Structures are given as structure tokens and as C-alpha cells.
Amino acid sequence: MAVTTAGVVRRDLPGDSDDDAPCDDATVVTLGRSGAIPPCQPEAAPAASRLRTIALTVATLVCFAANSLLCRAALRPRLVDAATFTSIRLVSGAAALALIVILRGRARPGGGSFGAGLALFLYAAAFSLAYVRIGAGVGALLLFGAVQVTMLGWTVARGARPGAVQWVGIAVALGGLAYLGLPGASAPDPIGALLMITAGVAWGAYSLRGRSARDPIATNADNFLRALPFTIALSVALLRDRVATGEGILLAAASGALASAGGYSLWYAVVPILGATRSAAVQLTVPVLAGIGATALLGEHLTARIAISGAAILAGIALTLRRR
């Protein structure tokens with residue numbers, strides 16, 4: 001069972017198929033980018049193709065990490081309020097995904113659902129509200145860990161049985177999350193942490209609802225559109241707190257159109273080439289990239305607590321990717 005924040009979930013447990021093949025026959029589900037990736041046949045890739053795959057993978061990971069950085073950069077100095085950021089992010093993401101769908105030859109977005117749209121809204125709203133209170137590095141770790149717990153918990157509830165190594169990995173990852181949340185001077189804001197965990201649970205639920213989508217990009221575009229009434233209602237409800245500067249609006253639009261829609265579209269091109277387990281493994285770098293970016297670009301401090309808990313969370317998730 002391979003699970004990642006912006007990566008994939010395999011329905012079979014590790015070891016049930018050839019995990020080392022570039023492509024396999026396992027059904028693959030993209031987290032937060034609902035849809036099954038069709039199986040493909042591994043081929044010997046020339047050097048140019050390998051470089052293209054590496055470039056696409058790196059670009060995708062940067063997009064995923066950039067969501068946390070863009071959100072925190074906009075919300076920490078109050079360049080825009082959380083509700084407005086969420087609305088602009090979803091509107092720009094919906095527009096970009098719809099344009100991609102049209103350019104790919106489809107008449108319009110389709111395949112979404114009311115429940116998936118609600119889950120997407122809950123993720124995006126809680127994500128923004130959390131980053132008013134906590135840093136990008138710790139937020140990415142909490143989000144990443146919460147998604148793993150949600151996806152793993154669902155697969156276990158549906159009858160999957162991890163091996164001993166996978167159970168150790170789950171315990172280590174949960175221990176890292178628990179340590180991060182312990183009271184103390186370096187602990188993240190508890191409300192912010194709870195909001196980010198909520199975002200992770202919603203993201204996991206969104207992914208599970210979309211696991212059977214035939215066209216992931218069209219389905220995501222439709223779900224973004226279905227989330228808009230919820231986010232508009234949130235903006236109206238919090239109208240008194242509205243703040244919107246030009247810079248904040250640009251950061252929110254970049255989060256939606258580039259980091260979200262662009263990242264999702266790139267990921268669909270990468271997953272069939274990498275295969276399920278490799279895709280899961282590379283996603284372990286997303287919280288690391290977010291933490292490095294937060295330190296270098298936003299001036300956030302890497303505390304010992306974040307470093308230790310982050311190492312435990314990532315190590316635990318890596319163990320869940322191992323064969324029995």
C-alpha cells in the first residue's frame with residue numbers, strides 16, 4: 001500500500017506486484033487530483049526521455065511545495081484574507097483546468113460530484129485558515145501526515161492488511177505527528193495545527209471520492225467549479241475581515257492557476273512513467289522542499305522539534321512503501 005500526499009495510493013499492498021517497474025498494472029489514484037491512471041507498459045527510455053521525466057517530476061514537486069509557500073507569503077503579512085485567498089485560488093484553478101480541458105479537445109469539464117466539490121472546498125478553506133496561524137514548513141508536514149493517516153485508515157478499514165514493516169512505519173509517522181503537537185514553546189499554534197489536519201483529512205477524502213474518474217483533469221476542473229458556491233459563501237460570511245491587495249491577489253491566483261492546476265496537470269504526465277511506488281517515493285520530498293523554501297524565502301526558522309518530527313513522519317511513510 002503506497003500512499004503519498006500529492007502522490008498515489010495503490011489498492012494492493014506492497015509486494016503484490018512488481019514495484020520496481022516504471023509502470024505497473026496497479027490502479028493508481030492521485031491524491032487531491034482525483035482519478036485513476038491507466039496502466040502502461042514499461043519501455044527502455046532514451047536519455048532525452050529520461051531528462052524530460054526528471055524535469056517534469058521536479059517541476060511538479062516544486063508546484064506542490066509552492067502552494068504552501070504562496071499561501072503563507074500572502075497570509076502572514078495580511079496581503080489578503082484567508083477567505084478571499086481561497087476564493088481566488090479556486091476560481092483561478094477552475095479557469096486554468098477548464099482551459100486545459102478545452103485545449104485537450106473536450107467540450108467542457110465533467111465527471112465531478114457535489115461531495116467531491118465540498119471536500120475540495122473544505123481542504124482549500126482549512127488550508128488557508130491554517131496558514132494564517134502556522135508556518136509553511138510545519139503546515140506541509142501536518143498536511144502530509146494527515147493525508148497519509150486518512151488514506152491508510154480507509155484502505156485498512158476496507159480490508160487491506162499492511163505487513164509488520166508497514167505497521168511500524170504507520171506508528172513512527174503517527175509518533176512524529178504527536179511529537180510535533182506536544183505542548184511547548186516551539187509547538188505550532190493548536191488551532192492552526194487542527195485546521196491543517198482538517199485540510200489533510202478533507203484532501204484524503206477528496207482523493208478517495210475521485211479514485212474511479214476516467215479523465216482526472218476534466219473531473220478536477222468540474223470539482224473546482226462545484227466548490228465555487230461554497231467558497232463564495234465563505235467570503236460573504238467573512239466579508240468584515242476582507243483584505244485584498246494587488247500582491248495578495250496575484251499570489252492567490254498563482255496558487256490556483258500555476259501551483260494547483262499546473263501541478264496537477266504535470267503530475268498526470270509523470271505518474272504513468274514513474275509507476276506507483278516511485279511516484280509515492282518522490283512525493284516524500286514535498287514537505288522537505290516546502291521547509292527549505294520557508295526558511296530561505298519566508299525567513300521561517302527550522303526548530304529542532306520540526307526537524308525531528310519531520311524526519312519521523314517521512315521515515316514512517318517511507319517504511320509504508322517497503323515490501324513486506
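Below is a table of values for the structure above.
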read-out	value
Residue selected from the stretch 259-291 under the condition touching a residue at least 40 places away in the same chain (Cβ under 8 Å) and β-branched (Val, Ile, Thr), by the criterion farthest from Ile134 (Cα to Cα)	Ile273
Candidates Ala146, Ala178, filtered to the one that is without any contact (Cβ under 8 Å) to a residue 12 or more places away in the chain, assigned to a helix (DSSP H, G or I), within 27 Å of Arg305 (Cα to Cα) and not charged (D, E, K, R)	Ala178
The stretch 169-205 - residue that is among the β-branched types (Val, Ile, Thr) and either under 26 Å from Ala227 (Cβ atoms) or surrounded by fewer than 16 Cβ atoms within 10 Å (Cβ to Cβ) (or both) and, of those, farthest from the chain's Cα centre (by Cα)	Ile191
Listing of helices (runs of 4 or more DSSP H) fully contained in the stretch 217-305 that carry 1 or more residues being β-branched (Val, Ile, Thr) and at pLDDT 95 or above	246-254
Ala98 surrounded by 19 or more Cβ atoms within 10 Å (Cβ to Cβ) and in contact (Cβ under 8 Å) with a residue 12 or more places away in the chain	yes
Residue match in the stretch 73-83 (condition: touching a Ser or Thr at 6+ places or on another chain (Cβ under 6 Å) and buried (at least 23 other Cβ atoms within 10 Å of the Cβ))	yes
Per-region count, the stretch 95-132, residues closer than 23 Å to Leu195 by Cβ and not aromatic (Phe, Trp, Tyr)	14
Within the stretch 112-156, considering residues that are at pLDDT 85 or above and over 19 Å from the mean Cα position of the chain (by Cα), the one surrounded by the fewest Cβ atoms within 10 Å (Cβ to Cβ)	Phe114
Some residue of the stretch 98-108 being closer than 25 Å to Leu251 by Cα, modelled with pLDDT under 95, in contact with a Pro (Cβ under 8 Å, 6 or more places away or on another chain) and part of a helix (DSSP H, G or I)	yes
Of all residues making up the stretch 149-175, the number that are without any contact (Cβ under 8 Å) to a residue 24 or more places away in the chain and outside any helix (DSSP H, G or I)	2
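The values are calculated or read from the model by the stated rules, or taken from the named source; none is laboratory data. Quick caveat: nothing in here was measured; it's all calculated off a predicted structure. Counting neighbours? That spans all protein chains shown, and the Cβs are built from the backbone with ideal geometry, glycine included.
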